Amino acid sequence: MTSVPDKFLKPYNPKETEGKIYKKWENSGYFNPDNLPKRHKKPFTIIMPPPNANGSLHVGHAVFVTIEDLLIRYKRMRGYKALWLPGADHAGFETQVVYEKKLEKEGRTRFGMDTQKLYQEILEFTLSNKSFMENQLRQLGASCDWSREKFTLDKDIIETVYETFKQMDKDSLIYRSPKSINWCTKHQTSLSELETISEEKVDPLYYMKYGPFVLATVRPETKFGDTAVAVNPKDKRYKNWIGKEIEFEGLLGPIKLKVIADDYVDPQFGTGVVKITPAHDPNDFEVAKRHNLRAIEVIDQYGKLNEKCGKYAGLKVEEARKIIAKDLMEKGFIEKVEENYKHTVKKCYKCERVLEPRILPQWFIKMKPLAEKAIKSIKKGEIKFYPKHYKKIMLHWLNNIEDWNVSRQIIWGIPIPAWYKDKEIFIGEKSPGADWKKDNDTFDTWFSSGQWPFATLGYPKGSDFKKFYPTQVMETAGEIIFFWVARMIMLGIYRTGKIPFNTVYLHGIVTAKDGKKMSKSKGNVISPLELSAKYGTDALRMALTIGNTPGTTTALYEEKINAYKNFANKLWNVTRFVLSNTSESAKKPKLSKDDKKLLDNLEKTLKIVTRDMENYRFYMAGEKLYHYLWHTFADKIIEESKEILNGDNKNLKNSRSWLLREMFSLQIRALHPFMPFVTEEIWQSLQKKNTLLMIENWPILRNNV
RNA sequence: GCGCCCUUAGCUCAGUUGGUAGAGCAAUUCAUUUACACUGAAAAGGCCGGGGGUUCGAGUCCCUCAGGGCGCACCA
């Protein structure tokens, strides 16, 4: 019999274990694949989705840590050269928004602030969050290689990003031109299509008299920027007007507009006549391009009518609309109003203000050529998706891709390496001469994180790149499949000629028990760090694994976590029983018939569990192990063992004693990726060799699966 | 408008290629100095959203309807 350490006489206390065990792992050096024993040959790599370094880890982060750590630990035990490369994201716009809120609270604002000073402040804020978050990742048990940690603002990462931009310039994949872009009047920056949300809105639709025409519009306040009226070329009603000029009295005096014909106009809608306002409507902008119309800007960057609007100058769009509609009405310029007209507007995904279309020169990436290659790879099955249906979703998006605006008018980010002199453009970090003006914008943060897999591995020269690229699994939130996963695939193929990863595993959102999304305003946010402190990290991880199928939302609530806290304690008590009733002996006795059967049975279970692991069904693997340990091993096998161990038959006793320890040890090993802390702690008492469970063999007894 | 997902026990969810429905939590009854009350045993609980089809056989495949969630694109 082994003497039972005192700690097993008390309930399991995660607090006494976790910090100590994590240090032991970290000091062992085995998080770094280069330090793993010789049997670890074939690389298995996961690049961690770098958390935004602008706050604490939330449950979403806890999910990715749980799943990725589970995978990495499993593969490490199976003898892979397992690399999990951690990182942190400066998260351009996101962080700037967070910081602006902080400034607001302090009664300050970023506007008018010295940009250097603001940048320094945000940098300090980000770096302190970053180190804070690193410790939180440790608390969650992340067995990632800290020696390879990367930050999106590291010098080498920025170099890679610039290299990509220059390469794209050579390949004519980028252009800078004025286009109608999504402008947020609060955040004072343009946004990509993905950073907008479309929402249905009910507004009045005004039928306004425009000389001989009546036309329908929701935005009478933009009329000062009209540069034409358009009809459909096939519309017989207006055929004779095409090409002519109309003249009529407006609110600010006489107006002259050309009548143009364009297929864009739907004869069925309204009256079949449309006013064309190129500066403030993306569709009108396209029409204007086709017809060489000029654009007159009448709304400024703050969403206010400008000096071209006479007495209406200075009014905000919403107010202006009401006042102008009223004035038009009084002058008899409005024929009728359709009050409850439903249409969709685009809003800023952060502040949910209606976006104002504006014409600005921005850097765009031509996405079609990049998407084509990605589509080809995905169709060939070079990238597998879990769950499967995301493949379809991905292809659908790639097939309808638009050019990507990567310019942001914010200071927090990687500066765009471009210089201007008159109409000339130079791309490079350093000024080409005295009269050149620097581009003031920064890159969309996803432009840099889209290059993350090869950038972190030191492409093109780094030895890690050769060893670990393409990586094996990209595990992240389904929410960011287009923002991030799609762009990594496209940019990865573009830069390296190879897909960045073979498998995409997408987890769903974690919600509260009622299925509602957690949000600060609802007050239903639960912190993974608090839960881990209260119930133990292992319990939290089990709660996030079991019942969590890829791609679907999963509810997290304390009762569930508590159930797995009880399970950790069950393991603890089984240890107590096993230690006090068996001993660690080298030689295996001849097993009794019953015992052989029991071992076979466990072996079968472990094989099924292994198959589940290989097929990314962690929720099933975890549940099976849980169930086997508790309701077969503890409730049945241990119970019946008591009689055998207290009986007189020495052979049966020896057989059973060996069996219990063997079976338990196998289960502890299989449970390790799920519950790393408690299993490692138990392992330390279960064997005398002072080895780490972390690098033990995954328990497959005979045939490899 | 196009597309995706979901609907299974009171609650939260599983159910891999079609083979007589599962778990956790909750609720019920019983046990009690037991490795473990952060426990054990037993029982209870479901026309698997409705309808139709394929099949010897459907929670699972196909069609359709209803409800919920989400994505993409939109015409002033």
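Per residue, what volume in Å³ does the Cα convex hull of segment A:320-412 take up?
Numbers: hull volume 20.9 nm³, N = 93.
Spelled out: Cα convex hull of segment A:320-412, divided by residues, is 224 Å³.
Can you pull the Kirkwood radius for segment A:69-124, inverse mean 1/r over Cα pairs, to one decimal in Å?
On the way: mean 1/r = 0.0699 Å⁻¹.
With all distinct Cα pairs of segment A:69-124 included, I get 14.3 Å.
Projecting each Cα onto the charge dipole of segment A:1-45 (Lys/Arg +1, Asp/Glu -1 at the beta carbon, about the Cα centre), which of A:S28, A:Y12, A:F44 comes out farthest on the positive side?
A:F44
Report the far tail of the P(r) of chain A, meaning the percent of Cα-Cα pairs longer than 47 Å.
For chain A, the share of Cα pairs beyond 47 Å comes to 33 percent.
Determine the percent antiparallel among the DSSP beta bridges restricted to segment A:399-544, to the nearest 5.
60 percent
At what distance in angstrom do the alpha carbon centres of segment A:324-368 and segment A:421-466 lie from each other?
Comparing the Cα centres of segment A:324-368 and segment A:421-466, I get a distance of 34 Å.
Which angle between 0 and 90 degrees, to the nearest 10, do you get for helix A:676-686 versus the longest principal axis of chain A when only C-alpha atoms count?
Helix A:676-686 and the main axis of chain A meet at about 10 degrees.
Using a simple charge model, +1 on the beta-carbon of Lys and Arg, -1 on the beta-carbon of Asp and Glu, nothing else, what dipole does chain A show about its Cα centre, in debye to the nearest 20?
Its charge dipole is roughly 2340 debye.
Using only Cα atoms, find the angle between the long axis of helix A:59-77 and the longest principal axis of chain A, and express it within 0 to 90 degrees, rounded to the nearest 10.
It is inclined by approximately 50 degrees.
Can you tell me the relative contact order of chain A? Whole percent, Cα pairs under 8 Å, sequence separation 6 or more.
17 percent
Tell me, what is the 1.4 Å probe accessible area of A:W446, in Å² to the nearest 10?
50 Å²
What whole number of Å gives the distance from the Cα centroid of segment A:90-122 to the Cα centroid of segment A:474-510?
Their Cα centres are 30 Å away from one another.
Which number comes out as Rg/Rh for segment A:452-548 once both Rg and the Kirkwood Rh are worked out on C-alpha atoms?
So for segment A:452-548, dividing Rg by the Kirkwood Rh gives 1.11.
Could you tell me how far the Cα centroid of segment A:529-581 sits from the Cα centroid of segment A:624-679, in Å?
Computed from Cα coordinates, the inter-centre distance equals 19 Å.
Return the ratio Rg/(2.2 N^0.38 Å) for segment A:127-242, where Rg is computed over Cα atoms only.
Working it through for segment A:127-242, the quotient is 1.93.
Once both labels are modelled 7 Å past Cα along the beta-carbon direction, what's the A:N240-A:E424 spacing in nm?
Label at A:N240, label at A:E424, 5.6 nm between them.
Sort A:V202, A:V259, A:V337 from largest to smallest accessible area, using a 1.4 Å probe on the heavy atoms of the protein chains.
A:V202, A:V337, A:V259
So if R0 is 35 Å, what FRET efficiency would A:E319 and A:E249 give, r being the distance between their Cβ atoms, rounded to the nearest 0.05?
0.90
For chain A, what is the percent of antiparallel DSSP beta bridges, rounded to the nearest 5? Intermediate results must be reported in sequence, preceding the final value.
Working: 55 of 79 bridges.
Percent antiparallel among DSSP bridges in chain A is about 70.
In degrees, nearest 10, range 0 to 90: what is the angle between the Cα axis of helix A:650-671 and the longest Cα principal axis of chain A?
For A:650-671 against chain A, the angle is about 20 degrees.
Picking from A:P361, A:S585, A:Y206, whose Cα lies most toward the positive end of the charge dipole for chain A (charges on Cβ: Lys, Arg +1; Asp, Glu -1)?
Of the listed residues, the answer is A:S585.
The values are calculated or read from the model by the stated rules, or taken from the named source; none is laboratory data. Not measured: the values here are computed from a predicted model. FYI the Cβ positions are ideal-geometry reconstructions off the backbone, even for glycines, and counts take in every protein chain you see. Each accessible area value is taken on the protein alone, full model and side chains, heavy atoms only, with ligands, DNA and RNA left out. Shrake-Rupley method; radii C 1.70, N 1.55, O 1.52, S 1.80 Å.
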